[in-house]
Structures are given as C-alpha cells and as structure tokens.
Amino acid sequence: GQNIDQPTEMTATEGAIVQINCTYQTSGFNGLFWYQQHAGEAPTFLSYNVLDGLEEKGRFSSFLSRSKGYSYLLLKELQMKDSASYLCAVRDIGGGGNKLTFGTGTQLKVEL
Amino acid sequence: DTGVSQDPRHKITKRGQNVTFRCDPISEHNRLYWYRQTLGQGPEFLTYFQNEAQLEKSRLLSDRFSAERPKGSFSTLEIQRTEQGDSAMYLCASSLVGETEAFFGQGTRLTVV
C-alpha cells in the first residue's frame with residue numbers, strides 16, 4: 001500500500017515564497033505528481049518528478065528525493081490566486097496507467 | 001474539445017435511489033479514470049479503463065457501483081441503492097497511453113439525503 005503525508009494547512013504572504021512538503025511510502029515508486037485544486041473545481045496538473053532533483057516551471061518548482069521518500073513544491077512570488085489546495089500524489093509500479101494515490105491536500109491561504 | 005466534461009455537475013438524490021453520471025474524456029484519450037473525493041480529502045481512485053476495457057477496480061468500489069465505457073469514448077458510473085456515505089464529488093480524468101499528465105473534469109457533486 002501507499003501512505004502520503006502533507007500538512008493540512010499553510011498560510012503565507014503575497015509576494016513571499018512557500019514550500020509545501022510531502023512524504024510518502026510506497027512499495028514501488030513510479031513518479032510523484034503535484035496538482036492544484038481551487039474550491040469546487042477540478043485538480044489541475046502542476047508538476048511531475050520521477051528522478052531525484054528539482055524541476056522548475058515558472059513560479060513553481062518541485063523537488064524529489066526517492067531515497068528519503070520526500071518531495072516539496074515551491075511557490076515563488078505568491079499571488080492571491082495561488083490560494084488553493086495542493087495535492088501530492090504518487091504513482092506505483094504496476095499501477096494501472098496513471099492511477100494515482102493522493103494525499104489529503106494542503107490548503108494554502110495567501111494573505112496581503 | 002476543451003477538456004474533460006462531466007454531467008451532471010450536481011445531483012441530489014434520496015437514499016435508496018439509483019444514480020448515473022457521465023464522463024466525456026478529451027478526444028483521442030484512450031485512458032479514463034474515475035475518482036471519488038470527499039470534503040477535505042484528496043481524490044481516491046475507483047476504477048480505470050483503457051479503451052473499452054476496465055483494467056482495474058479499487059476495493060472501494062462496492063458491488064453497488066458499476067462503470068462502463070462501451071465504445072471506448074464516454075463512460076458512465078452508476079451507483080445503485082445510494083447511501084448517505086456515497087455523498088462525494090465524483091471526478092473523471094483522462095490521459096493518453098505514454099503521456100504523464102491526466103486531465104480532470106470538474107466533477108459531479110452527489111448529495112444523498
């Protein structure tokens with residue numbers, strides 16, 4: 001089975017940087033995903049890591065350490081519209097297609 | 001085609017009734033997934049199709065739940081004899097074989113009263 005942990009809530013200030021951590025345990029790791037979900041809307045894909053290291057995409061970066069079972073999502077130059085839930089998800093070897101196991105999500109609140 | 005489409009967006013039903021939801025994936029996407037999401041939780045995998053074949057079902061999917069994708073395009077998810085615990089957002093996603101990203105629809109919010 002899989003176990004994914006991420007903080008329930010975080011608060012940050014507009015213009016600042018925030019790091020959302022995710023730890024996971026899985027029997028056969030085959031990729032880690034980050035999704036953003038605004039209230040009442042569909043999750044939208046942010047990033048994918050399968051090898052160790054940092055993937056950068058504009059204001060968003062995601063880091064993976066497979067040996068530590070650890071990832072983080074880094075959001076820079078925070079904007080009010082970044083207030084949302086951030087979901088960490090893991091894909092397992094032998095899992096069907098892009099079948100993902102999600103964490104409970106981290107609710108990020110960006111304040112002025 | 002602008003994305004994954006789900007219908008209806010909202011459904012209120014009485015306990016014991018049957019409900020059916022529809023998902024239209026992105027054209028040409030051969031993989032289709034159903035997830036369930038309750039308030040404050042991440043989505044939970046229910047089942048997935050590759051073309052018309054249902055390749056995996058979660059143990060969360062009791063025998064009251066059935067999903068079909070008869071022509072390998074749209075899919076339906078039926079819940080029989082609904083219970084209050086079935087109240088949730090039902091999300092559909094689609095992807096292409098070999099592609100990393102799965103695209104989610106906006107979901108059907110089911111309320112069982």
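The values are calculated or read from the model by the stated rules, or taken from the named source; none is laboratory data. All figures in this text were calculated on a predicted structure; none of them were measured in a lab. Methodologically, a virtual Cβ is constructed for each residue, glycine included, from the backbone with ideal geometry; neighbour enumeration extends over all protein chains shown.
Brief remarks on what is shown
- Residue, surrounded by the most Cβ atoms within 10 Å (Cβ to Cβ), within segment A:10-34, restricted to residues that are out of contact with any helix residue (DSSP H, G or I) (no Cβ under 9 Å at 6 or more places or on another chain), at pLDDT 95 or above and more than 25 Å from B:Phe103 (Cα to Cα): A:Met10
- Evaluating B:Asp86 against the criteria (1) away from chain A (no Cβ under 14 Å); (2) more than 14 Å from the chain's Cα centre (by Cα) leaves one unmet condition, (2).
- Test: residue in segment A:70-85 that is part of a loop (DSSP other than H, G, I, E, B) and closer than 30 Å to B:Arg59 by Cβ: no
- Taken together, B:Leu91, B:Leu77 contain a single residue that is within 14 Å of chain A (Cβ to nearest Cβ), at pLDDT 95 or above and not in a loop (DSSP other than H, G, I, E, B), which is B:Leu91.
- The set of residues in segment B:80-95 being buried (at least 23 other Cβ atoms within 10 Å of the Cβ) and not polar (S, T, N, Q) consists of B:Tyr90, B:Leu91, B:Cys92, B:Ala93.
- Which listed residue, of B:Gly107, B:Gly16, B:Gly98, is on the phi > 0 side of the Ramachandran plot, loosely packed, with under 14 Cβ neighbours inside 10 Å and within 11 Å of chain A (Cβ to nearest Cβ): B:Gly98
- When residues of segment B:56-66 are limited to those that are within 14 Å of another protein chain (Cβ to nearest Cβ) and out of contact with any Phe, Trp or Tyr (no Cβ under 6 Å at 6 or more places or on another chain), the one surrounded by the fewest Cβ atoms within 10 Å (Cβ to Cβ): B:Arg59
- Condition met for B:Ile26 (surrounded by fewer than 21 Cβ atoms within 10 Å (Cβ to Cβ), part of a strand (DSSP E or B), out of contact with any His (no Cβ under 7 Å at 6 or more places or on another chain) and of a type in the set (A, V, I, L, M, F, W, C)): no
- Contact annotation: residue pairs with Cβ atoms under 6 Å, 6 or more positions apart or on different chains, pairing a residue in segment B:77-101 that is in contact (Cβ under 8 Å) with a residue 60 or more places away in the chain with a partner that is assigned to a helix (DSSP H, G or I) and of a type in the set (D, E, K, R), are B:Ile79/B:Asp86.
- Residue in segment A:29-49 that is within 28 Å of B:Tyr90 (Cβ to Cβ) and more than 14 Å from chain B (Cβ to nearest Cβ) present: yes
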